[in-house]
1. Can you compute the modelled spin-label distance between GLU851 and LEU783, with each label point 7 Å from Cα toward Cβ, in nm?
2. Report relative contact order for the chain in percent, whole number only (criteria: Cα-Cα under 8 Å, sequence separation at least 6).
3. Can you compute the modelled spin-label distance between ARG41 and GLN827, with each label point 7 Å from Cα toward Cβ, in nm?
4. Sort HIS716, HIS225, HIS811 so that the residue with the fewest other Cβ atoms within 10 Å of its own Cβ comes first and the one with the most comes last.
5. Any chance you could run the full-extension gain for SER866 through HIS504? It's 0.36 nm times the residue separation minus the Cα-Cα distance, nm to one decimal.
6. To the nearest 0.05, how large is the calculated FRET efficiency for ASP744 and LYS587 if R₀ is 41 Å and r is the Cβ-Cβ distance?
7. Jot down the per residue volume, in cubic angstrom and as a whole number, of the convex hull over the alpha-carbon atoms of the chain.
8. Quick one: which residues, 5+ away or cross-chain, put their amide H under 5 Å from the amide H of VAL416? H built at 1.01 Å from N.
Amino acid sequence: PKEIFLKDYKSPDYYFDTVDLKFSLGEEKTIVASKITVFPRVEGSSSPLDLNGVDLKLILIKVNGKELKEGDYYLDSRHLTLPSPPSGKFTLEIVNEIQPQKNTSLEGLYKSSGNFCTQCEAEGFRKITFYQDRPDIMAKYTCHIEADKSLYPVLLSNGNLIEQGDLEGGKHYAVWEDPFKKPCYLFALVAGQLESRDDIFVTRSGRQVSLRIWTLAQDVPKTAHAMYSLKAAMKWDEDVFGLEYDLDLFNIVAVPDFNMGAMENKSLNIFNSRLVLASPETASDADYAAILGVIGHEYFHNWTGNRVTCRDWFQLSLKEGLTVFRDQEFSSDMGSRTVKRIADVSRLRNYQFPQDAGPMAHPVRPHSYIKMDNFYTVTVYQKGAEVVRMYKTLLGTQGFRKGMNLYFKRHDRQAVTCEDFFAAMRDANDAEFANFLHWYSQAGTPVVKVTSSYNANAHTFSLKFSQEVPPTPGQPVKEPMFIPVAVGLLDSSGKDMHLSSVYHYGTLQSFVSNSQPVLSTVLRLTKKEEEFVFCDIFERPIPSLLRGYSAPIRLESDLSDSDLFFLLAHDSDEFNRWEAGQLLARKLMLSLVADFQQNKPLALNPKFVQGLRSILSDRSLDKEFIAKAITLPAEGEIMDMMEVADPDAVHAVRTFIRKELASQLKSEFLSTVQNNRSSKEYVFDHLNMARRALKNVALAYLASLEDPEITELALHEYNTATNMTDQFAALAAIAQKPGKTRDDVLADFCSKWQHDYLVVNKWFALQAMSDIPGNVENVHNLLNHPAFDLRNPNKVYSLIGGFCGSPVNFHAKDGSGYKFLGEIVLQLDKLNPRVASRMVSAFSRWRRFDESRQKLAKAQLEMIMSANGLSENVFEIASKSLA
Ligand code: DPP
Ligand code: ZN
């Protein structure tokens with residue numbers, strides 16, 4: 001396999017102007033004919049034209065209407081090359097054959113539930129026809145589709161429908177034209193038996209846009225929330241960024257078999273049905289929230305991704321980091337900003353931090369890849385979004401908006417780079433961004449240490465920072481980063497002090513403001529070590545650091561436990577109240593882990609219990625915030641902080657604390673459950689979701705107790721639930737403990753929902769993630785369950801992915817979890833390399849564990865590496881993990 005490097009980027013020698021595609025869809029074979037107008041980048045040049053093509057059968061090739069003979073071109077398993085095309089503009093016509101019905105990779109053109117659909121990002125278009133499959137080739141497309149009318153009554157592609165009609169032999173056709181030029185990764189085609197929910201959105205300039213959400217007929221009733229989400233997203237992008245939709249039609253199609261969450265193809269988004277279909281009975285609050293976020297995400301790509309796209313795949317974060325940031329902001333505005341921030345930061349810590357500290361660590365803009373598919377990562381997406389968020393933190397809402405406006409003004413309809421985005425932000429604001437670009441090129445989570453001191457005579461308060469970016473593969477030494485640290489200072493009553501000025505290396509920054517007092521400021525760290533001194537501070541403050549999590553770093557401060565309890569109780573920055581609780585919980589868990597490893601008895605600090613009790617009973621707090629604040633850091637997060645990760649110890653400690661809290665706060669938890677039961681009618685709004693979230697966290701705590709009364713309660717909740725959120729939470733609570741009740745309720749749930757594959761996936765995931773000892777065998781058996789299918793990514797992510805997320809069973813000491821995954825990866829790789837490589841990633845942090853686990857995991861990786869015909873996808877992850 002060949003590694004591709006950012007530094008080797010070259011502009012293409014040829015551009016494409018127009019692309020006419022014609023598809024004859026069939027059961028045995030599909031014929032694709034393309035007619036492309038080609039022109040050289042440099043007039044008169046005649047370098048070879050190299051087209052990508054994989055799994056294609058070439059039938060015909062013509063240049064300027066003249067058929068080429070063998071010898072006029074070269075063909076291998078990945079390329080079609082014209083060694084000496086005509087100089088100047090010419091037309092290229094190609095006819096090839098494909099077999100979508102056999103395509104299990106779910107890239108290119110394939111079938112899902114009998115319907116045809118496509119997935120081209122990143123490099124799937126080359127499985128449809130021969131093409132320069134790279135995002136800087138932007139062309140105008142028309143797409144002519146022909147198919148059997150009764151089997152495929154609906155024919156869709158990008159843009160506007162300009163013609164349709166019947167043909168002989170029971171066939172029909174449709175012609176679509178997309179007026180916007182686009183890279184081929186945004187091409188889409190759908191053909192099948194689908195029904196739509198239709199609606200209309202009127203843009204702020206008065207344009208009527210038809211909205212259609214397509215699904216299998218029986219699922220149309222479940223698209224109401226998706227439609228609501230789409231309209232909300234369209235309105236939000238107008239209000240917040242002044243961005244309007246640019247065509248008269250917007251289609252979304254839901255398909256059951258899909259590698260990713262969704263895809264932003266121009267005006268024809270294709271979605272994993274998990275992220276479209278919802279009803280109160282079948283989808284949880286988390287599903288509803290995910291649908292809102294992802295419908296928003298894909299819609300927002302219309303500007304950040306489609307109108308302005310990436311020059312090359314190394315720039316992926318240009319569109320993904322920015323669009324994740326936009327969907328995060330959208331969801332914040334539609335719900336609770338603090339709660340959304342907490343969820344996003346938890347995700348970063350639980351998934352991105354481990355990646356950034358492991359063998360697959362890469363910068364937000366990677367320097368190289370073997371298979372681009374492997375770089376659709378939490379680093380590119382979530383850390384990328386944090387990088388965009390930092391611009392906003394530094395520039396303010398208006399400054400950020402100015403930067404966005406300039407970005408579109410300069411780059412509309414272009415394929416650009418991360419530097420272009422940086423330059424737009426900088427130039428629109430005349431900003432000084434120092435070494436900010438390191439965020440794109442240096443991997444690893446920066447560690448920032450801060451110590452504070454108060455000088456009572458001088459009335460100054462000093463914060464001394466030092467920063468270090470850990471070494472990562474290929475990057476042993478790092479430069480200091482530009483880190484915005486938002487800070488406020490609390491007085492002894494817990495109120496924010498008014499900040500007057502801060503000294504930094506001879507510069508005094510004054511906050512004299514004639515309007516509002518300044519209660520928070522953003523310090524700009526740019527050096528390895530530096531000091532900031534606040535003036536006119538008349539008592540020792542408690543600093544609230546990194547407010548709102550203003551940079552994606554690990555912050556180590558000298559705050560004492562009592563400082564943290566104080567912040568937990570008083571900080572005006574709600575995110576930091578939660579953070580203080582988490583810091584206390586992490587410290588507590590790490591110290592108990594040490595006790596556990598030394599066979600000392602475990603005991604819970606009463607102050608911690610008291611802290612949680614007061615949060616739990618604070619009626620001024622948002623209920624979903626309370627739910628988050630009383631949730632302990634995940635096991636992975638604690639393992640990530642240990643020298644040698646010890647899944648058994650971490651699990652034992654977390655279980656101990658949960659149980660101890662449940663027993664000491666039992667009456668509070670019981671009344672929380674009783675007081676927050678759902679109303680009969682399901683309402684998707686923050687208030688109602690918050691009630692359910694809090695009630696279900698309380699129920700989960702209670703269910704950790706061995707207590708028949710609680711089992712009764714959980715059964716009652718299960719039987720009386722009127723929505724999936726409550727029903728599933730009760731099921732999960734009951735499923736914590738092995739035994740007959742668990743078995744009965746799991747069986748009941750399965751028989752109740754066997755007709756609904758999305759609900760059945762939840763049932764798979766719940767069992768897969770279970771910490772019940774020896775669960776690997778159960779998961780093994782579930783592979784043979786009639787509802788399971790290794791070819792469907794959602795099922796794999798639920799069952800196999802769920803299992804790998806269970807620290808105790810995946811990392812079972814006897815290696816049974818590793819062995820299970822090793823076998824599955826090889827089976828999966830034959831069907832769908834992209835899904836297989838996601839699964840094999842679970843091995844990548846094997847060096848974090850003890851020697852015996854290391855040996856067992858390494859053996860599996862070596863076994864995988866020695867397999868014949870391994871895909872590039874799995875090869876890249878497995879070989880980098882072993883390196
Ligand atoms: N469809 C994926 C996303 O939107 C890749 N573009 O993130
Ligand atoms: Zn995206």
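1. 3.1
2. Numbers: 1697 pairs, mean separation 71.3, N = 883.
Rounded, it is 8 percent for the chain.
3. 4.6
4. Details: HIS716 12, HIS225 20, HIS811 25.
By the 10 Å Cβ count, ascending: HIS716, HIS225, HIS811.
5. On the way: separation 362, 0.36 × 362 = 130.32 nm, distance 5.70 nm.
Length gained between SER866 and HIS504: 124.6 nm.
6. Numbers: r = 40 Å, r/R0 = 0.99.
The calculated FRET efficiency here is 0.50.
7. Values: hull volume 153.9 nm³, N = 883.
Expressed per residue, the convex hull around the Cα atoms of the chain is 174 Å³.
8. The list, which skips near neighbours in sequence, is THR309, CYS310, ARG311.
Any read-out appearing in this document is the output of simple, stated calculations on the displayed coordinates, not a laboratory observation. If you're wondering where the values come from, they're calculated on a predicted model, not measured in any experiment. All Cβ positions, glycine included, derive from the backbone under ideal geometry; neighbour counts span all protein chains shown.
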